[in-house]
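Here is the structure we will look at, set down as structure tokens.
The values are calculated or read from the model by the stated rules, or taken from the named source; none is laboratory data. Owing to the predicted nature of the structure, the values given are computational and were not obtained by experimental measurement. Here the Cβ is made from the backbone with ideal geometry for all residues, glycine too, and neighbour counts use every protein chain on show. Please note that ligands, DNA and RNA were not included when accessible areas were found on the heavy atoms of the full protein model with its side chains. Shrake-Rupley method; radii C 1.70, N 1.55, O 1.52, S 1.80 Å.
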2 protein chains.
Amino acid sequence: MKSSVVNPWEVSGEINYEKLVKEFGTTPISDKIKKRLEKTHPLLRRGIYFSHRDFDKWLAEYDKKKKVSVITGRGPSDKMHLGHLVPFLVAKSLQENFNCEVFIPISDDEKFFVKEKLSFDDAIKFSEDNIIDLIALGFKQGKTTIFEDFKYTKIYNYAAKIAKRITYSEAKAVLGLKPENNIGWSFYPAMQAAHILFPQFSEGKHMSVVPVGIDQDPFIRLTRDVAVHKDFNFEKPAALHAKFVPSLTGDPKMSSSEGGQIFLTDSPKEVEMKIKKYAFSGGRDTLEEHRKKGGNPDVDVSYQYLKFFFELDDKKLQNIHDEYKSGRMLTSELKMILVDKINSFLKEHQKKRELAKKQMDKFLLH
Amino acid sequence: MKSSVVNPWEVSGEINYEKLVKEFGTTPISDKIKKRLEKTHPLLRRGIYFSHRDFDKWLAEYDKKKKVSVITGRGPSDKMHLGHLVPFLVAKSLQENFNCEVFIPISDDEKFFVKEKLSFDDAIKFSEDNIIDLIALGFKQGKTTIFEDFKYTKIYNYAAKIAKRITYSEAKAVLGLKPENNIGWSFYPAMQAAHILFPQFSEGKHMSVVPVGIDQDPFIRLTRDVAVHKDFNFEKPAALHAKFVPSLTGDPKMSSSEGGQIFLTDSPKEVEMKIKKYAFSGGRDTLEEHRKKGGNPDVDVSYQYLKFFFELDDKKLQNIHDEYKSGRMLTSELKMILVDKINSFLKEHQKKRELAKKQMDKFLLH
């Protein structure tokens with residue numbers, strides 16, 4: 001196994017999730033919790049979310065009819081792709097299943113600090129475009145708050161309160177800051193913590209959960225430590241940790257800098273071309289061999305996308321799994337199932353984007 | 001001579017200003033510039049301001065009828081004392097003599113980051129009180145802009161743009177940041193630079209001058225470097241550097257943490273008591289000796305205060321100087337001249353404070 005690196009700004013190598021749970025000191029999602037998630041989005045109930053911090057406590061608060069909320073943010077990029085949707089599909093599913101508020105901070109500042117070539121104006125432009133995608137996903141109006149750091153600058157007040165309680169050496173130790181990083185970057189951990197604690201700054205002490213890639217857990221730990229400082233006396237936020245959703249080519253982290261991503265604005269032709277060309281296949285080298293030995297759904301990216309994003313019906317999914325594994329279904333057939341699913345999702349999504357443009361004021365803080 | 005320390009957060013020991021000019025690489029104020037300042041506030045024309053960067057360029061721009069401005073900020077404290085007024089009296093005088101705009105950023109965030117025990121709410125409260133004092137000084141309405149970082153949070157956008165262009169190691173080298181300082185503190189240099197460049201962010205490229213204690217020059221240098229980055233293409237801001245105005249007891253920097261300061265809210269009795277009790281005297285030990293050898297106005301704090309703050313008339317000042325130096329005027333008499341001057345200033349100031357409370361909206365950015 002190649003050696004792996006996992007931190008908020010770098011993910012590489014093959015990832016051993018069991019080891020990460022131990023290293024980071026998080027808790028695997030128990031069968032009891034899985035039972036509570038039976039009716040939620042496939043990403044939650046089919047195992048992309050594999051670990052947590054205090055999510056059992058979040059559920060217990062919900063059961064006591066106490067306020068609970070979800071917060072998950074986004075560092076805006078040029079265009080959003082499927083992989084970017086992971087935490088938002090989960091947040092939306094939690095909102096539907098637990099009727100709770102969702103908070104979505106957009107960290108245009110982080111992207112601006114970290115990406116040397118990203119201009120301020122582009123950071124703002126990308127944020128707006130990404131916000132349209134997020135609203136189009138269908139979060140509940142009146143129960144969903146989206147804000148962008150460079151627009152809702154009052155967030156600086158909360159970040160300042162937190163910044164006072166994090167020393168440079170703590171931030172450096174937890175996040176691997178380097179002296180050559182700019183001072184915006186070194187301030188950003190306070191902003192990120194302000195995002196995670198925003199539900200409590202805004203609506204008082206309560207349990208909030210952050211669906212987040214496991215690579216972002218260092219921010220969660222730092223924030224949990226700060227949350228209980230006497231300046232705040234907040235609840236430690238809970239977290240739900242995701243595995244990395246593979247890119248089409250099967251790379252562990254679906255990064256938009258690699259080729260072959262499905263963007264939310266892609267046309268049906270582009271989708272079909274990309275899936276056919278890039279989607280890593282679990283099929284055999286020849287038709288004869290495939291019919292005889294069958295495909296491997298566990299490594300087949302098309303199957304994985306159906307499992308985690310698009311085939312909500314467990315029986316239908318099982319059927320595809322069995323057909324492919326037996327060799328009765330070919331890779332080309334499997335891919336076309338996925339192409340159709342993605343295209344019908346995107347057709348709907350792109351329609352909703354047009355609607356979303358008119359609804360922005362109902363979601364955005366200024 | 002005791003060894004001295006001069007940096008933005010620490011001033012101690014006896015200060016050799018000539019050496020500082022060399023060390024910091026600034027320019028002594030020339031006779032030619034002095035001539036241009038003949039009608040300005042005593043602080044400017046009688047030598048508290050002793051060094052500059054590019055102030056000749058600022059004057060040249062003014063002569064060409066180009067836009068020029070003044071910017072000087074304040075880290076708010078509980079109550080303002082006389083020493084705090086230094087840069088503002090100068091800014092006001094420049095406004096009157098050169099009919100230019102004045103910008104006054106209030107860095108409640110800096111004080112909040114740096115003072116462990118200062119609460120967020122108190123930082124805001126002190127800012128408001130200090131802003132009342134500043135407005136009461138009589139800056140021109142419509143030509144004066146005051147803003148507070150925690151209220152006018154849009155400043156975060158400008159600070160972020162600058163933060164991207166300052167690395168942690170640069171900030172550390174210039175300002176002596178320590179790893180145990182909080183990450184608000186390490187971000188603050190960007191905010192300070194945003195203050196100094198605010199006139200140009202807000203009204204386009206032009207020459208702006210910062211009247212500032214010489215101890216703050218590292219911020220000026222850092223800001224001048226950033227100003228010309230291609231992201232901004234601003235003019236390097238000019239600076240006018242002040243010597244430290246001594247406290248009543250004669251300490252080099254008039255800090256509010258020491259006893260015996262004249263606060264702007266002091267009553268006539270308090271002023272009289274403080275001057276009598278604390279004002280360091282250049283008089284002799286006995287009346288007989290004083291009459292014979294005379295006092296030393298150069299070290300007498302009461303005389304210095306008359307010279308730099310309160311006796312605007314050069315002839316009258318010369319007269320006091322000669323009377324005191326000859327021994328004809330006693331320390332007690334000199335002190336009473338100052339007490340009367342301060343009290344009539346404060347009576348007026350305290351009246352104007354009441355007026356200022358109703359004018360805040362005309363000066364403040366929100």
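Structural remarks
- Antiparallel DSSP beta bridges within the protein assembly as shown, percent to nearest 5: 40
- Using a Förster distance of 30 Å, the FRET efficiency for A:Lys358-A:Lys79 (Cβ separation, nearest 0.05): 0.90
- Sorted peptide list for A:116-124, B:212-220, criterion being average Cβ within 10 angstrom, highest first: B:212-220, A:116-124
- Scaling the Cα radius of gyration of the protein assembly as shown by the globular reference 2.2 N^0.38 Å produces a ratio of 1.20.
- Between B:Ile262, B:Ile15, B:Ile135, the residue with the greatest mean-square fluctuation in the GNM of chain B (Cα pairs under 10 Å linked by springs) is B:Ile15.
- Over 30 Å between alpha carbons, listed pairs A:Lys277/A:Lys316; A:Lys125/A:Lys205; A:Lys92/A:Lys274: A:Lys125/A:Lys205
- Global form of segment A:2-156, assessed from the alpha-carbon gyration tensor, a/c cut-off 1.5: oblate
- Share of carbon and sulfur in the accessible heavy-atom surface of segment A:268-354 [1.4 Å probe, %]: 51
- Each other copy places its own label point for B:Lys39 at 8.2 nm from this one, sorted shortest first, where the point lies 7 Å along the Cα-to-beta carbon line.
- Solvent-accessible surface, computed for protein heavy atoms with a probe of 1.4 Å, shrinks by 50 Å² or more for the following residues of segment B:136-165 when the other protein chains are added to the isolated chain: B:Thr153, B:Tyr156, B:Asn157, B:Lys161, B:Lys164.
- Links that overshoot a 25 Å alpha carbon limit, given the list A:Lys22/A:Lys307; A:Lys65/A:Lys140; A:Lys276/A:Lys347: A:Lys22/A:Lys307
- Alpha carbon centroid spacing (whole Å) that separates segment A:332-349 from segment B:78-128: 61
- Space enclosed by the convex hull of the alpha-carbon atoms of segment A:137-210, per residue, Å³: 134
- Where both bridge residues fall in chain B, DSSP classifies roughly 35% of the beta bridges as antiparallel.
- Extension gain from A:Lys347 to A:Glu14, taking 0.36 nm per residue of separation minus the Cα-Cα distance: 116.4 nm
- For the protein assembly as shown: accessible area per residue (Å², 1.4 Å): 43
- Solvent-accessible area buried by A and B, counting both chains, probe 1.4 angstrom, square angstrom: 2900
- Taking label positions 7 Å along the Cα-Cβ direction at both B:Leu312 and A:Thr265, the computed distance is 6.2 nm, reported to one decimal.
- Phi-derived couplings, Karplus 6.51 cos²θ - 1.76 cosθ + 1.60 at θ = phi - 60°, listed residue by residue for segment B:284-292: 8, 5, 10, 4, 4, 5, 4, 4, 7 Hz, with x used for Gly and Pro.
- Inter-centroid distance (Cα atoms) of segment A:198-228 relative to segment B:310-327, Å: 65
- The local environment of B:Lys347, defined by Cβ-Cβ distances under 15 Å, has a net charge of -2 under the rule Lys, Arg +1 and Asp, Glu -1.
- Between identical copies, the spacing of A:Lys230 label points, each set 7 Å from Cα toward the C-beta atom, reads 5.2 nm from nearest to farthest.
- Chain A: C-alpha gyration tensor shape, a/c 1.5 cut-off, then a/b vs b/c: prolate
- Charged neighbours of A:Asp225, selected by a Cβ distance under 9 Å, balance to +3 (K, R count +1; D, E count -1).
- With the label put 7 angstrom out from Cα along the Cα-to-Cβ vector, A:Ser169 ends up 2.0 nm from the copy partners, going from closest to farthest.
- The convex hull of the Cα atoms of segment A:268-354, projected and averaged over all directions, covers 5.6 nm².
- Whole-Hz couplings from phi, Karplus 6.51/-1.76/1.60, listed for segment A:44-53; x for Gly and Pro: 7, 8, 10, x, 5, 8, 10, 8, 7, 10
- Peptide B:184-192 is shielded by partner chain Cβ atoms: per residue, an average of 6 of them sit within 10 Å of its Cβ.
- Put a dot 7 Å past the Cα of B:Ser202, heading toward its Cβ, do the same for A:Thr249, and the two dots end up 5.0 nm apart.
- Degrees between helix A:120-136 axis and first principal axis of chain A (Cα, 0 to 90, nearest 10): 60
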